[in-house]
Amino acid sequence: YHYDIRNFNFFLEHTKALLEQDSIISKVDNLKVYQNLYLENKANYYYKTNELSKAKSIYLGLRSQYNGLPIETLATNEAQRLFSVNNFLATIYKHLGRFELSEQFYLKNRRLVKANDSLAVFSKVYLNNVDHLTAQLYGQMGKYEEANDLQVKVLDYYKIKYAEDEKYKNNLVSAYQNITTTLIEQDCLEKALSYLDESQEYLLKDDPFYKEALVLYGI
């Protein structure tokens, strides 16, 4: 979570060793759940270390477990995992420049949220997460009008959520920085600066997002 990559890998390897011990395997209920969680974390590790082909391979393997299953019948943990996997695959394909494929995975998640009752209950949370990521994609594709529409909607949503619970601080600041980036790309510099300045009131002391803000100010 804090990008401590060395310790991340250490605990992944320790987990892998535990999951391979016969004495443990025979005693663990729902072993597949823990194996999938390990694989998801391993893929996340590869994503964070920019080994995208390795990350993509694991995520595609995880996703294949749900091939042919009606998405509306997936259990809550299965639907949540599929949602996460789709988001990561979409983001990986975005980094690889395969924008249309990236958009398809975000659209798959929108359908998943609407079809699966366990996600639909929290549809605003899930759909704003997808919109947040889709806006980044549209900005990279040069579809600025679509990106702006989504980013403003997402920003307004996270302002409301932050007022209810400050745990949404990172989501809110990230939304500010996304819309700032898109405005810079459109050469709307004064408007970009106003959003960037406004975001500063939400930063914590020694906040990692402050470094990102400095980069944006520098641009």
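Return one number: the angle in degrees, 0 to 90 and rounded to the nearest 10, between the long axis of the Cα atoms of helix 144-164 and the longest principal axis of the Cα atoms of the chain.
80
Step through the residues of the range 200-206 one at a time and calculate ³J(HN,Hα) from phi using the Karplus curve (6.51 cos²θ - 1.76 cosθ + 1.60, θ = phi - 60°), rounding each to whole Hz and writing x for Gly and Pro.
Values, residue by residue: 5, 5, 9, 6, 8, 5, 6 Hz.
Please report the relative contact order for the chain, taking Cα pairs under 8 Å with a sequence separation of at least 6, and give it as a percent rounded to a whole number.
Relative contact order, the chain: 10 percent.
Between Leu69 and Leu204, what FRET efficiency follows from the Cβ-Cβ distance if R0 is 30 Å, with the result rounded to 0.05?
It comes out at approximately 0.10.
Could you sort Leu214, Leu89 by their accessible area in this structure, using a 1.4 Å probe and putting the largest first?
Leu214, Leu89
Can you give me the Kirkwood hydrodynamic radius for the range 1-134, using every pair of distinct Cα atoms, in Å to one decimal?
15.9
Where q = 0.21 Å⁻¹, what log10 of I(q)/I(0) comes from the Debye formula for the range 165-204, counting one point per Cα?
After summing over all Cα pairs, the log10 values are -0.59.
What does a probe at Leu31 reach in the range 60-103, counting residues whose amide N is under 19 Å from the point 7 Å along Cα→Cβ?
What the label zone holds, given the 19 Å backbone N cut-off, is 62, 65.
Rank-order 179-189, 124-134 by packing density, defined as the average count of other C-beta atoms within 10 Å over each peptide's residues, highest first.
The peptides rank, most packed first, as 124-134, 179-189.
What is the packing order of peptides 35-46, 65-76, taking the mean over residues of other C-beta atoms within 10 Å and listing the highest first?
The peptides rank, most packed first, as 35-46, 65-76.
What is the helix-to-structure angle for 169-185, meaning the angle in degrees between its Cα long axis and the longest Cα principal axis of the chain, kept from 0 to 90 and rounded to the nearest 10?
60
Can you pull the one-decimal nm distance between simple spin-label points at Arg6 and Gln21, each 7 Å off the Cα toward Cβ?
2.5
About the Cα centre of the range 36-131, what is the dipole size in debye to 20, counting +1 per Lys and Arg Cβ and -1 per Asp and Glu Cβ, all else neutral? Let's see the in-between values first.
Numbers: 13 positive and 8 negative charges, 39 e Å.
Computed charge dipole of the range 36-131: roughly 180 debye.
Using a 1.4 angstrom probe with every protein chain in place, what is the largest-first accessible-area order of Glu20, Glu190?
Most to least solvent-accessible, the answer reads Glu190, Glu20.
Nearest 10 degrees, 0 to 90: what angle lies between the long axis of helix 31-48 and the longest principal axis of the chain (Cα atoms)?
Helix 31-48 sits roughly 40 degrees off the main axis of the chain.
How big is D, in µm² s⁻¹, for the range 72-219 by Stokes-Einstein at 20 °C and 1.002 mPa s if Rh is the Kirkwood radius over C-alpha pairs?
Stokes-Einstein gives a translational diffusion coefficient of 133 µm²/s.
Just name one of Phe88, Ser64, Met141: the one whose Cα is farthest towards the positive end of the charge dipole of the range 51-148 (beta-carbon charges, Lys/Arg +1, Asp/Glu -1).
Towards the positive end, the residue furthest out is Ser64.
Per residue of the range 117-125, what does 6.51 cos²θ - 1.76 cosθ + 1.60 with θ = phi - 60° give for ³J(HN,Hα)? Whole Hz please, x for Gly and Pro, Karplus curve as stated.
4, 5, 8, 4, 4, 10, 4, 4, 5
I'd like the accessible area for Val121: 1.4 Å probe, protein heavy atoms, all chains in place, Å² to the nearest 10.
Per-residue accessible area (Val121): approximately 110 Å².
If you put +1 on each Lys and Arg Cβ and -1 on each Asp and Glu Cβ, how big is the dipole of the chain around its Cα centre, in Debye rounded to 20?
Roughly 740 debye for the chain.
Given a cut-off of under 8 Å on Cα pairs at least six residues apart, what relative contact order in percent is computed for the range 91-205?
17
If the cut-off is 23 Å between C-alpha atoms, which lysines fall inside it for Lys205, apart from same-chain ones fewer than 8 positions away?
Lys159, Lys161, Lys167, Lys169
The values are calculated or read from the model by the stated rules, or taken from the named source; none is laboratory data. Predicted, not measured: the structure shown is a model, and the values here were computed from it. FYI the Cβ positions are ideal-geometry reconstructions off the backbone, even for glycines, and counts take in every protein chain you see. When the accessible area is computed, the model is the full protein with side chains, heavy atoms only, and any ligands, DNA or RNA have been set aside. Shrake-Rupley method; radii C 1.70, N 1.55, O 1.52, S 1.80 Å.
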